[in-house]
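J.: Got a structure for you, questions after.
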Amino acid sequence: MKKKFTINTLGCKVNQYESSSFLYSFEKAGCTQAKSGENADIVVINTCAVTAKAGAESRRTVRRLMRRHPEAKVVITGCYAQMAASELAEIVEEPVCIIGNGNKHLLVETALKETPCDLTMLMGKILKKDTICNLPMERFGNRTRAYLRVQDGCSNFCTYCIVPYTRGPSRSLSLKAILSQANRFAKAGHKEIVVTGIHVGMYGKDLQEELDIADLMLRLCQAQPETRFRLSSIEPQEISDTLLEAMSTCSNFMPHFHIPLQSGDDTILSRMHRGYDRETFRTVIHKCMHMFPDAAIGIDILTGFPGEGEEEFNNSKQLLEEIDATYFHVFPYSKRPGTPAASFKNQVPLEISRQRVAVLRKLAHKKQMEFYDKHLNTTRKVLVEQKRNSEQLLTGFTDNYIPVVFAGADELMGTIIPVRLKTLQENAVLGEMVRP
């Protein structure tokens, strides 16, 4: 009898890539995905620990799914499992398999063994890992765009961040493996591939081949000219002239940057161990917009970091007001035990952090609407999603990451078509398909 499995994924694009690989491997082994309401024989939970809230959600998810599937073999992996394996062992009432981030290639094999878990813990010393798990697949589930994980780990050790302790040092996938996976995605019908990693700008630094992220993006764009490529989050100091040149020479390299700022105050940036100052960040944004005036620029900003007073917060707010940015992801600082910032003095009260988050999110919405408004009455290429919105309109994203809704037939799903941007809506633009 075929085993039924279910996979629950929390957190980042890298986790989503890994979970998609698990799904592919389970199906390749003859298993079927449990439908909603069905009992599963195997439950996989890919956890997150980037914030205290994410860790708490991971614990709740483990408890909930163990109650929902009492007879299932439960396999827990991801950053919370890596960071807090002993805590997980204490909160569960039945034996589980806990698999560290460095051993995810063994997850499906472990889950399919007939022997019970009996608290199997395949952890390993993540800080000693020097190779990346290769997790190939044929397609990225039923999604329109595929995530392609090219790198894992981070060696920066920003003072607020737990990720280097849960993911280990930066490790890159070989160019051959990446090109092969991109080719499989293209053959499976994915029209867009998002290149991602934990610290993707460090790609290639650990390989014998002389490669960096710019070389990789250029090779990918050239190898799959009919596929759109989008680069996920990259640090400001890693946006090189070579990377911008690659973007300018490849029409299938999407004009979209996601650049973490975290703070617009130099003192806070130094305490965070970010490696740049506000003027460096401003210069990078200016260079991007000078070369690509229509580009979308997303920014991560963290507020409430220890020592952030009104002056420091206002420095961040002022910088965000002044630079060209399309959208912000705003986060309150979350104390993570084991990181240097957890013991810093002048911790900011939670209520003040929440107020500052609200202020920045209001600014973010204003900036986003201004960007959308700037592109009204222009025509952009839109990749149409495989679903409709609540009003039964097709949905999709332009090359420069503007969400668009418009009327059209089902057969347009999964294709790239020209759409005229017509009217602003709350969080999208109403468009009209341009007929040939």
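The values are calculated or read from the model by the stated rules, or taken from the named source; none is laboratory data. For clarity, every value in this text was computed on a predicted model and none was experimentally measured. Cβ coordinates were reconstructed from backbone atoms using ideal geometry, including for glycine residues, and neighbour counts include every protein chain displayed.
J.: Taking region 201-236 on its own, how many of its residues are touching a Gly at 6+ places or on another chain (Cβ under 6 Å) and either part of a helix (DSSP H, G or I) or under 25 Å from residue 381 (Cα atoms) (or both)?
T.: First pass over region 201-236, keeping only residues touching a Gly at 6+ places or on another chain (Cβ under 6 Å): 211-213, 234-235.
Adding the requirement that they be either part of a helix (DSSP H, G or I) or under 25 Å from residue 381 (Cα atoms) (or both) leaves 213, 234.
The total comes to 2.
J.: Got a sec? Which of 118, 130 is at positive phi and at pLDDT below 95? Don't jump to the end; show me each part of the working.
T.: Details: 130 fails: at positive phi.
On inspection, the qualifying residue turns out to be 118.
J.: Consider only pairs whose beta carbons are under 6 Å apart and that are at least six residues apart or on different chains; among these, list those whose first residue lies in region 166-185 and is more than 20 Å from residue 129 (Cα to Cα) and whose second residue is of a type in the set (A, V, I, L, M, F, W, C) and surrounded by fewer than 17 Cβ atoms within 10 Å (Cβ to Cβ).
T.: 179/223
J.: Here are 27, 87: which of them is assigned to a helix (DSSP H, G or I), surrounded by fewer than 22 Cβ atoms within 10 Å (Cβ to Cβ) and at pLDDT 90 or above?
T.: Details: 87 fails: at pLDDT 90 or above.
From the options 27, 87, the qualifying one is 27.
J.: Would you call residue 335 in the same structural domain as residue 192 (by TED's automatic domain parsing), within 30 Å of residue 155 (Cβ to Cβ) and free of Cβ contacts under 8 Å to residues at least 40 places away in the same chain? Please lay out each step first, then the result.
T.: Values: in the same structural domain as residue 192 (by TED's automatic domain parsing): yes; within 30 Å of residue 155 (Cβ to Cβ): yes; free of Cβ contacts under 8 Å to residues at least 40 places away in the same chain: no.
No: the conditions fail for residue 335.
J.: Still on this structure: Out of (1) surrounded by 14 or more Cβ atoms within 10 Å (Cβ to Cβ); (2) charged (D, E, K, R); (3) out of contact with any helix residue (DSSP H, G or I) (no Cβ under 6 Å at 6 or more places or on another chain); (4) free of Cβ contacts under 8 Å to residues at least 40 places away in the same chain, what's the single condition that is false for residue 324?
T.: Residue 324 satisfies all of (1) surrounded by 14 or more Cβ atoms within 10 Å (Cβ to Cβ); (2) charged (D, E, K, R); (3) out of contact with any helix residue (DSSP H, G or I) (no Cβ under 6 Å at 6 or more places or on another chain); (4) free of Cβ contacts under 8 Å to residues at least 40 places away in the same chain except (3).
J.: Another one. Residue 395 is checked against (1) buried (at least 17 other Cβ atoms within 10 Å of the Cβ); (2) in contact with a helix residue (DSSP H, G or I) (Cβ under 8 Å, 6 or more places away or on another chain) and fails just one. What number does that condition carry?
T.: Of everything listed in (1) buried (at least 17 other Cβ atoms within 10 Å of the Cβ); (2) in contact with a helix residue (DSSP H, G or I) (Cβ under 8 Å, 6 or more places away or on another chain), residue 395 misses just condition (2).
J.: Quick test for you: out of 419, 384, pick the one residue that is under 21 Å from residue 253 (Cβ atoms) and in contact with a helix residue (DSSP H, G or I) (Cβ under 6 Å, 6 or more places away or on another chain).
T.: 384
J.: While we're looking at this one, here's another question. Before we move on, is residue 196 crowded, with 19+ Cβ neighbours inside 10 Å and not acidic (Asp, Glu)? Break it down stepwise before answering.
T.: Details: crowded, with 19+ Cβ neighbours inside 10 Å: yes; not acidic (Asp, Glu): yes.
Yes: the conditions hold for residue 196.
J.: Of these, 44, 50, which one is within 14 Å of residue 80 (Cα to Cα) and under 18 Å from the mean Cα position of the chain (by Cα)? Walk me through it before giving the result.
T.: Working: 44 fails: under 18 Å from the mean Cα position of the chain (by Cα).
Being within 14 Å of residue 80 (Cα to Cα) and under 18 Å from the mean Cα position of the chain (by Cα) holds for just one of 44, 50, which is 50.
J.: Is it the case that residue 11 is assigned by TED's automatic domain parsing to the domain that holds residue 112, without any contact (Cβ under 8 Å) to a residue 24 or more places away in the chain and among the small types (Gly, Ala, Ser)? Walk me through how you get there before you give the answer.
T.: Working: assigned by TED's automatic domain parsing to the domain that holds residue 112: yes; without any contact (Cβ under 8 Å) to a residue 24 or more places away in the chain: no; among the small types (Gly, Ala, Ser): yes.
Here the answer is no, as residue 11 does not meet what is asked.
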